[in-house]
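I have placed the structure first, in the form of structure tokens, so that the comments after it can refer back to it.
The values are calculated or read from the model by the stated rules, or taken from the named source; none is laboratory data. What you are looking at is a predicted structure, and each value in this text was computed from that prediction instead of being measured. Note that we place each Cβ from the backbone using ideal geometry, even for glycine, and neighbour counts take in every protein chain shown.
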Amino acid sequence: MAAKRRGAYNGQIIYEWLRQMVRKDKERLIARLSNAVIHTPSGCILYKHTGGQTSKGYRRVSVTSEYKVYAHHVFWTLANCRPIPDGMEIDHECNTPACVNPKHLRPLTPEANTDRRNYG
């Protein structure tokens, strides 16, 4: 399944897709993403769009009709204007898989992300 791909390939696809979307119609992209979120009192911004979700609650965005990526990867990439660094994953500091608030997201190595998930 495409959504499970990690690393530079997935990060670069997201980055290139966003660059193309911004070139085509930046306002439409912002409206699409803005209309797909719910702001919570805790500061989380939850992605609620229809791209589906994993069994663990991670939301997905359709990049093409056949390719979906994690919503938090899209929002992190958009906020940071660069691809996800090679060998890194995007961690939710808030521990809320549906959250796409860039202030709650940070790149971590897979090992550090697993350790944080297992040990808090």
### Task
Using the structure shown, decide if V63 is modelled with pLDDT under 85, within 12 Å of the chain's Cα centre (by Cα) and either small (G, A, S) or surrounded by 12 or more Cβ atoms within 10 Å (Cβ to Cβ) (or both).
yes
### Residues that are surrounded by fewer than 18 Cβ atoms within 10 Å (Cβ to Cβ), over 10 Å from the mean Cα position of the chain (by Cα) and not acidic (D, E), drawn from segment 84-106
P85, G87, C94, N95, K103, R106
#### Entry: segment 49-60, residues that are among the charged types (D, E, K, R) and buried (at least 18 other Cβ atoms within 10 Å of the Cβ)
R59, R60
### Scan of segment 27-48 for residues that are part of a loop (DSSP other than H, G, I, E, B) and surrounded by fewer than 17 Cβ atoms within 10 Å (Cβ to Cβ), ordered by number
N35, T40, P41, S42, G43, K48
### Summary
So, first residue closer than 11 Å to N101 by Cα in segment 38-55, second residue surrounded by 12 or more Cβ atoms within 10 Å (Cβ to Cβ) and basic (K, R), Cβ within less than 7 Å, six or more apart or across chains; the pairs are I38/K48; Y47/R59
### Residues satisfying the stated conditions in segment 85-103, i.e. under 21 Å from G51 (Cα atoms), in contact (Cβ under 8 Å) with a residue 40 or more places away in the chain and not polar (S, T, N, Q)
E89, P97, A98, C99, V100
### Task
Give the residue, chosen from P102, P97, that is out of contact with any helix residue (DSSP H, G or I) (no Cβ under 7 Å at 6 or more places or on another chain) and at pLDDT 90 or above.
P97
### Task
Six or more apart or on different chains, Cβ under 9 Å: which pairs go from a residue in segment 64-84 that's over 21 Å from L46 (Cβ atoms) and touching a residue at least 24 places away in the same chain (Cβ under 8 Å) to one that's surrounded by 17 or more Cβ atoms within 10 Å (Cβ to Cβ) and aliphatic (A, V, I, L, M)? Could you list them?
Y67/A3; Y67/I13; P83/I13; P83/I14
### Task
Give the residues of segment 37-54 that are out of contact with any strand residue (DSSP E or B) (no Cβ under 6 Å at 6 or more places or on another chain) and modelled with pLDDT under 85, sorted by residue number.
H49, T50
### Task
Would you be able to say whether some residue in segment 106-118 is under 21 Å from H49 (Cβ atoms) and in a loop (DSSP other than H, G, I, E, B)?
no
